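Step one of this worksheet: look at the structure below.
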Amino acid sequence: MKKRKPQKTAAGANPLWGGHYAKGPAAIMAAINASIDFDQRLYAHDIKISKAHAAMLAATGIITKSDERILQGGLDRVLREIETGKFKFSYALEDIHMNIETRLAELVGKTSGRLHTARSRNEVTADLRLWLRDTIDNLQTGLRDLQKALLGQAERHAATLMPGFTHLQPAQPVTFGHHMLAYVEMLGRDRARFADCRKRINESPLGAAALAGTSFPIDRAMTAKALGFDRPMENSIDAVSSRDFALEFLADAAICGMHLSRLAEEIVIWSSPGFGFVKLSEAFTTGSSIMPQKRNPDAAELVRAKSGRLLGAFNALFVVMKGLALAYGKDMQEDKEPVFDAADTLLLSLAAMTGMMRDMKVNKPALERALKDGFITATDLADWLARKLDMPFREAHRATGRIVRLAEKKKCALDALSLKELRSIEPRITKDVFSVLDPAKAARSRTSFGGTAPSLVKKAVRKAKKRHNI
């Protein structure tokens with residue numbers, strides 16, 4: 001970060017505080033008070049807001065058109081300096097707003113002072129709202145890309161059988177494609193949450209001034225429209241003191257991170273030799289410093305870990321806000337770092353997970369072997385007994401449990417038992433029972449809406465592509 005010495009008054013005071021302070025702050029105070037290290041990333045949004053404010057001041061006759069032209073030209077020049085790396089930021093000027101305003105004064109002189117008419121630094125929440133609006137748009141793209149990668153796997157493996165698990169124990173046969181579609185749905189809800197959050201973010205606090213509004217004849221609707229906000233915020237105190245929009249973003253990010261963490265956990269499990277269900281590419285794994293045979297799923301493990309950072313960001317800002325009286329307090333300066341960190345973390349996690357999903361190879365032989373464990377068609381047997389023999393389901397459940405114990409004793413699969421052995425438990429069983437003991441046939445029979453039957457999975461992929469605009 002390039003630094004620039006701040007302007008000083010004749011008495012040596014920092015110009016931010018005008019004539020009330022005769023001396024500058026202590027070094028420690030300056031260090032704890034400054035936010036320029038992290039809020040400089042808001043520069044484009046701050047300048048955009050200043051340009052809209054200047055245009056409104058001129059349109060309402062608060063400043064002259066000549067002053068507006070000078071301000072607009074100066075702001076354009078500041079923007080070019082920042083984007084070309086020529087701008088020097090100053091800790092002593094605290095934040096991005098005052099760094100820009102001070103440089104503007106150096107460029108255009110006293111006219112720069114008119115830009116702050118009917119305005120307060122407390123309205124800087126508008127910068128964050130614009131930044132979050134753009135960030136959510138980027139996250140929507142990242143979420144959509146991951147959904148697309150998952151749908152690719154689902155389409156390729158609409159009929160690839162695997163064990164479905166509950167309690168991480170083999171439960172019923174499902175298709176790999178059906179499993180992938182579960183995450184597509186989760187991410188779809190994440191996209192909807194972020195879209196809803198964006199609507200509440202998209203209100204303008206400009207014109208609230210410090211907390212009470214202003215006596216100048218400003219046009220809040222004009223600046224709101226110019227910046228793409230849906231409307232001005234209704235209450236000036238709420239406008240400068242609310243951070244629930246940032247908390248909502250962080251909560252949505254934490255939920256999304258939890259979904260990514262669950263997928264990452266399954267990748268870690270599935271790629272281990274004990275399962276061997278999938279193989280990750282070298283692009284998203286690492287080797288060991290001592291064991292040459294290792295291929296560690298580090299990208300998945302890091303995505304899993306970063307969900308903790310997302311939840312931590314929400315908790316940090318929530319604790320900051322929970323005890324604050326209205327309106328503004330400097331505590332609220334702590335809103336930006338957790339928001340920035342969460343956004344960066346989630347965007348990186350989405351990109352890593354998308355890469356893993358695109359490259360991941362499914363090991364069909366390993367999935368087929370796993371289907372032989374855990375008597376995975378036991379539920380289908382119970383359903384058959386209830387449906388074909390008109391047994392109450394609880395009775396069918398008990399009979400199936402006895403058949404499973406018999407198979408355990410013989411160390412064989414359910415479909416390896418003879419008809420005679422099955423009839424030793426329930427005499428009315430017929431040879432038709434074997435039609436439901438095969439995992440493939442069992443999966444094909446799950447034709448209820450949202451079920452795992454391959455025919456449904458193929459339709460669900462097509463439907464999901466249309467529903468999620470992929």
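The values are calculated or read from the model by the stated rules, or taken from the named source; none is laboratory data. Small disclaimer: the values here were computed from a predicted structure and weren't measured. Backbone-built Cβ (ideal geometry, glycine too); neighbour counts: all protein chains shown. Heads up: the accessible areas ignore ligands, DNA and RNA and are worked out on the full protein's heavy atoms, side chains in. Shrake-Rupley method; radii C 1.70, N 1.55, O 1.52, S 1.80 Å.
Brief remarks on what is shown
- Of all residues in region 284-300 being in a loop (DSSP other than H, G, I, E, B) and open to solvent by 40 Å² or more (accessible area, probe 1.4 Å), the one that is modelled with the lowest pLDDT: P292
- Pairs, first in contact (Cβ under 8 Å) with a residue 60 or more places away in the chain in region 294-317, second open to solvent by less than 50 Å² (accessible area, probe 1.4 Å) and among the small types (G, A, S), C-beta under 6 Å, six or more apart: L310/A253; L310/A254; L310/G257; L310/A342; A313/A342; F314/A251; F314/A254
- Of all residues in region 407-459, exactly one satisfies the criterion of being in contact with a strand residue (DSSP E or B) (Cβ under 7 Å, 6 or more places away or on another chain) and not in a helix (DSSP H, G or I), namely T452.
- Near pairs, Cβ below 7 angstrom, 6+ apart or cross-chain, from region 256-268 (closer than 15 Å to A342 by Cβ) to any residue that is open to solvent by 20 Å² or more (accessible area, probe 1.4 Å) and charged (D, E, K, R): G257/K306; S261/R304
- Pairing each residue of region 55-66 that is under 14 Å from K225 (Cα atoms) with any residue that is among the polar types (S, T, N, Q), provided the two are 6+ apart or on different chains, yields C-beta distances under 9 Å for A55/Q72; A55/T223; M56/T223.
- Among the helices (runs of 4 or more DSSP H) confined to region 165-283, the ones with at least 3 residues that are within 30 Å of T377 (Cβ to Cβ) and over 18 Å from the mean Cα position of the chain (by Cα) are located at 176-201, 244-270.
- Residues of region 100-121 that turn out to be open to solvent by less than 30 Å² (accessible area, probe 1.4 Å), under 25 Å from F229 (Cα atoms) and either of a type outside the set (V, I, T) or touching a strand residue (DSSP E or B) at 6+ places or on another chain (Cβ under 6 Å) (or both), as a count: 4
- Some residue of region 83-97 being open to solvent by 20 Å² or more (accessible area, probe 1.4 Å), modelled with pLDDT under 95 and of a type in the set (A, V, I, L, M): yes
- Filtered residue count, region 38-83, keeping only those that are in contact with an Asp or Glu (Cβ under 6 Å, 6 or more places away or on another chain) and hydroxyl-bearing (S, T, Y): 1
- Test: residue in region 337-346 that is small (G, A, S) and farther than 28 Å from V362 by Cα: yes
- Comparison of R444, R358, R394, R387 shows that the only residue that is out of contact with any Cys (no Cβ under 9 Å at 6 or more places or on another chain), open to solvent by 80 Å² or more (accessible area, probe 1.4 Å) and either within 30 Å of G142 (Cβ to Cβ) or β-branched (V, I, T) (or both) is R358.
- Test: S236 is over 16 Å from L128 (Cβ atoms), in contact with a Pro (Cβ under 9 Å, 6 or more places away or on another chain) and either without any contact (Cβ under 8 Å) to a residue 40 or more places away in the chain or not aliphatic (A, V, I, L, M) (or both): yes
- The C-beta contact set for region 95-111 (first residue under 20 Å from S66 (Cβ atoms), second residue outside any helix (DSSP H, G or I), distance under 9 angstrom, 6+ apart or interchain) comprises A105/Q7; E106/Q7; T111/I63.
- Region 436-467, residues that are hydroxyl-bearing (S, T, Y), free of Cβ contacts under 8 Å to residues at least 24 places away in the same chain and in contact with a helix residue (DSSP H, G or I) (Cβ under 8 Å, 6 or more places away or on another chain): T447, S455
- Given (1) modelled with pLDDT under 95; (2) open to solvent by 20 Å² or more (accessible area, probe 1.4 Å), index of the condition R220 fails: (1)
- Subset of region 183-203 (residues that are surrounded by 14 or more Cβ atoms within 10 Å (Cβ to Cβ), under 17 Å from N138 (Cβ atoms) and of a type in the set (A, V, I, L, M, F, W, C)): L187, F194, C197, I201
- Selection within region 324-352 - more than 21 Å from the chain's Cα centre (by Cα) and open to solvent by 70 Å² or more (accessible area, probe 1.4 Å): A325, L326, Y328, K330, D331
- Residue match in region 381-391 (condition: in contact (Cβ under 8 Å) with a residue 60 or more places away in the chain, on the phi < 0 side of the Ramachandran plot and not aliphatic (A, V, I, L, M)): no
- Scan of region 115-156 for residues that are closer than 25 Å to G207 by Cβ, assigned to a helix (DSSP H, G or I) and of a type in the set (V, I, T), ordered by number: V124, T125, T135, I136
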